[in-house]
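Visitor: Take this structure, written in structure tokens, and hold onto it; I'll ask about it next.
The values are calculated or read from the model by the stated rules, or taken from the named source; none is laboratory data. All of these numbers come straight from a predicted model, not from anything done at the bench. Ideal geometry is used to build each Cβ from the backbone, glycine not excepted, and the neighbour counts take in all protein chains shown.
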Amino acid sequence: MSVIGGKGLKELLYHTQDRDARLIVTPILDPKKQIDESSAAIDIRLGTKFIVPKRADVACIDVNHKDFNKQLGEAVDIIYKPYGDSLTLHPGHFVLGNSLEYFRLPKNLCGYVVSRSSWGRVGLVVATAIGIHPGFFGVLCLELSNSAEVPISLYPGLSIAQVFFHEVAAGTTDSRALSPYLGATEVELPILSCQSEIAKLAKLAK
């Protein structure tokens, strides 16, 4: 299916009366800039919470470890930055942030997040693996990394990425997106449960 243009996005946001068919993105602080009718995306802003990996006293983060969640929690710092303050992202470093905006997608719409070109030109890579499934609601986790040679200052509230939307060609579904992050209001630690799958794979090798 084709990408929904700016005019179509405004129709879904502001003029669709059917609640189940309406796209919700809030707050949109500057509608004219964030949803330009000549474009085909919604610009989204950076929130105030960050999950920052740190040097930890472990050999690696092992998804098959019995204390994986504890291990992961000890390997990161949780940092809040108020508006007007900034987080310094050093070359080669990676942090998790979240969108300022809260999303609710109708059941016949999906989306994906990409970096804004202006930020990409200073070395910032945003959203290395973000697809938004039909029926999702919550803030978006933004995966931020610095591929440049100098540090980058990240300011909460600035437009940092953009979301493109598609209609789902196979039609609608009555179920919500099966995501462990459904309804999130801020960025969360990864939720991985791989032990049973690794055990099954190990049996195949016997």
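Visitor: Out of the residues in the stretch 26-40 meeting the condition of being at pLDDT 95 or above and in contact with a Phe, Trp or Tyr (Cβ under 9 Å, 6 or more places away or on another chain), tell me which one is surrounded by the most Cβ atoms within 10 Å (Cβ to Cβ).
Guide: That would be Thr26.
Visitor: Further question: Looking at Gly47, Gly92, which one is in contact (Cβ under 8 Å) with a residue 40 or more places away in the chain, surrounded by fewer than 12 Cβ atoms within 10 Å (Cβ to Cβ) and of a type outside the set (D, E, K, R)?
Guide: Numbers: Gly47 fails: surrounded by fewer than 12 Cβ atoms within 10 Å (Cβ to Cβ).
It is Gly92.
Visitor: Based on what the data block shows, is Leu72 more than 16 Å from Pro151 (Cβ to Cβ), surrounded by 13 or more Cβ atoms within 10 Å (Cβ to Cβ) and among the aliphatic types (A, V, I, L, M)?
Guide: Against the criterion (more than 16 Å from Pro151 (Cβ to Cβ), surrounded by 13 or more Cβ atoms within 10 Å (Cβ to Cβ) and among the aliphatic types (A, V, I, L, M)), Leu72 qualifies.
Visitor: Among the candidates Leu13, Leu23, single out the residue that is surrounded by 18 or more Cβ atoms within 10 Å (Cβ to Cβ), within 20 Å of the chain's Cα centre (by Cα) and more than 30 Å from His93 (Cα to Cα). Outline the logic, then answer.
Guide: Numbers: Leu13 fails: surrounded by 18 or more Cβ atoms within 10 Å (Cβ to Cβ).
It is Leu23.
Visitor: How about the stretch 109-118: which of its residues are surrounded by fewer than 17 Cβ atoms within 10 Å (Cβ to Cβ) and in contact (Cβ under 8 Å) with a residue 24 or more places away in the chain?
Guide: Start the filter on the stretch 109-118 by keeping residues that are surrounded by fewer than 17 Cβ atoms within 10 Å (Cβ to Cβ), which leaves 112, 114, 117-118.
Within the stretch 109-118, Tyr112, Val114 meet the criteria.
Visitor: Here are the criteria: (1) more than 19 Å from Lys33 (Cβ to Cβ); (2) free of Cβ contacts under 8 Å to residues at least 40 places away in the same chain. Tell me which single one Arg121 does not satisfy.
Guide: For Arg121, the failing item is (1).
Visitor: Output the qualifying pairs, or none if there are none: Cβ atoms under 8 angstrom, residues six or more apart or on different chains, first residue in the stretch 188-205 and outside any helix (DSSP H, G or I), second residue modelled with pLDDT of 75 or more and of a type in the set (Ser, Thr, Tyr).
Guide: Within 8 Å, the pairs are Glu188/Tyr181; Ile191/Tyr181.
Visitor: OK, next. If a residue has to be surrounded by 12 or more Cβ atoms within 10 Å (Cβ to Cβ) and either of a type in the set (A, V, I, L, M) or over 15 Å from Asn98 (Cα atoms) (or both) to count, how many in the stretch 75-84 make the cut?
Guide: 4
Visitor: Of the residues that make up the stretch 162-170, is at least one surrounded by 20 or more Cβ atoms within 10 Å (Cβ to Cβ), touching a helix residue (DSSP H, G or I) at 6+ places or on another chain (Cβ under 8 Å), among the hydrophobic types (A, V, I, L, M, F, W, C) and in contact (Cβ under 8 Å) with a residue 60 or more places away in the chain?
Guide: Yes.
Visitor: Read through the list (1) modelled with pLDDT under 95; (2) more than 15 Å from the chain's Cα centre (by Cα); (3) part of a strand (DSSP E or B), then give the number of the only condition that Ser153 fails.
Guide: So Ser153 meets the others, but not (1).
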